[in-house]
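Working notes for the structure below.
The values are calculated or read from the model by the stated rules, or taken from the named source; none is laboratory data. Treat the numbers as computed from the prediction; the structure is a model and nothing was measured. In this analysis, Cβ positions are derived from the backbone assuming ideal geometry, glycine residues included, and neighbour counts consider all displayed protein chains.
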Amino acid sequence: MDRFDTAGHDRTMMAVVTTGNGGFDKLDYREVPVPAPGAGEVLLRVLAAGVNNTEINTRLGWYSSSVTESTDATADEQARDEEQKADGGWNEATPFPFIQGTDCCGRVVAMGPGVNDVPAASRVLVRACMRPNGFGSMENIWMASDFDGAFAEYVKVPASEVFPVDCEWSDQELATIPCAYGTSENMLHRADVGSDDHVLVAGASGGVGSATVQLARRRGALVTAIAGASKLEKVRTIGAHRVIDRSADLLSELGENSVDVVVDNVGGSGFPQMLKALRRGGRYVSSGAIAGPIVSLDLRDMYLKDITLIGCTAWDEPVFPNLVSYIERGEIRPLLAGVYPLSQIVDAQKAFMEKRHVGKFVLVPPESRSRKAFASN
């Protein structure tokens, strides 16, 4: 195990560097220096890295308040006009050029000064959403949005954000977990979902949606899931009690005042029906809006029914340890839709945006001279 020193600066690795807002041409697969872990940090060899909507949104500048359309529509617009958005990353500047990759399954290969409590050579998951001011503050930073992430052979992260995992899953399967399942578990935690709840999950075939089906079912909730017609049976097999075609009229299928909790990362034109489907005192929780962030809200649907609207970005303290325990106890299962070499990130993101899959795509870095340099550690 290395105690990383200045010799580390001579090592290089392959990485995908995102150079600015725009299309796939902004993804530059190239050689860069291996990062050196500082005080309180560890260096991980990336074993596998998941593909998420947030990386595409960040590249497109979708988080800018100037964007009012869906991810797909924004992608089409950026293909025509690669405008750089000063507020494109969580309404702040994105630190281009930088390395994206929010999901990381890795192995500890080096430690910076002051790190003594991370098991040497352990296989870990990285908690991508970090609370630098403690869990009493909602301030948060994200790996691969605020600093370099896992679309590389190596990544450095705070030692406090790595969680050893003891299971028989493959590296690729573990890489499906952090962003999607962390986001989902956080929403269910905030909405206090329990065994007496009927939960409606929009976009149930995607990474977060399919995670939510499993995690809500794990809590004992009754789960109704919305997905495309070709994916309904797959969604049923992962735990949904009932499935509804996304083209169907939701209220005709369910009726008004029929569910306790809506988990909606879709948004767009379906939002008004989601509120009408909620019972009095129901909870609506969201951490995304892939179909469009601007929605029609009749305030009477909210206040006359005593509905609670819950926005979720910052992960709460129990969320990630809970996920690791679910994995180790075999209470959830990964949904690996496909594996691509890191060099084929464009193909992976194109497949992701076609939305024909259920679960997650994962990227695998190459074997290289840099990796061999750590082989003895």
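So the values come out like this:
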{"read-out": "Test: residue in region 134-151 that is surrounded by 22 or more Cβ atoms within 10 Å (Cβ to Cβ), under 19 Å from GLN172 (Cα atoms) and not small (Gly, Ala, Ser)", "value": "yes"}
{"read-out": "Residue within region 312-328 that is under 24 Å from VAL126 (Cβ atoms) and at pLDDT below 95 present", "value": "no"}
{"read-out": "Complete set of residues in region 49-98 that are on the phi > 0 side of the Ramachandran plot and modelled with pLDDT of 85 or more", "value": "GLY61"}
{"read-out": "Residue within region 272-295 that is assigned to a loop (DSSP other than H, G, I, E, B), without any contact (Cβ under 8 Å) to a residue 60 or more places away in the chain, more than 30 Å from GLY134 (Cα to Cα) and not hydrophobic (A, V, I, L, M, F, W, C) present", "value": "no"}
{"read-out": "Residue among ALA211, ALA204, ALA191 that alone is outside the structural domain of PRO341 (by TED's automatic domain parsing) and either farther than 28 Å from ASP245 by Cβ or surrounded by fewer than 23 Cβ atoms within 10 Å (Cβ to Cβ) (or both)", "value": "ALA191"}
{"read-out": "Every residue from region 137-166 that is farther than 19 Å from ASN322 by Cα, at pLDDT 95 or above and among the small types (Gly, Ala, Ser)", "value": "SER137, ALA144, GLY149, ALA150, ALA152"}
{"read-out": "Residue that is surrounded by the most Cβ atoms within 10 Å (Cβ to Cβ), among those in region 42-73 that are in a loop (DSSP other than H, G, I, E, B) and of a type in the set (S, T, N, Q)", "value": "ASN52"}
{"read-out": "Candidates GLY149, GLY134, filtered to the one that is in contact with a strand residue (DSSP E or B) (Cβ under 6 Å, 6 or more places away or on another chain) and either part of a strand (DSSP E or B) or in the same structural domain as VAL364 (by TED's automatic domain parsing) (or both)", "value": "GLY149"}
{"read-out": "Any hit, region 306-321, residues being outside any loop (DSSP other than H, G, I, E, B), surrounded by fewer than 20 Cβ atoms within 10 Å (Cβ to Cβ) and among the aliphatic types (A, V, I, L, M)", "value": "yes"}
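Yes/no matrix, rows are residues, columns are (1) at pLDDT 95 or above; (2) crowded, with 21+ Cβ neighbours inside 10 Å; (3) farther than 26 Å from GLY182 by Cα:
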| site | (1), (2), (3) |
| --- | --- |
| GLY228 | yes, no, no |
| ASP249 | yes, no, yes |
| GLU256 | yes, no, yes |
| VAL261 | yes, yes, no |
| PRO272 | yes, no, yes |
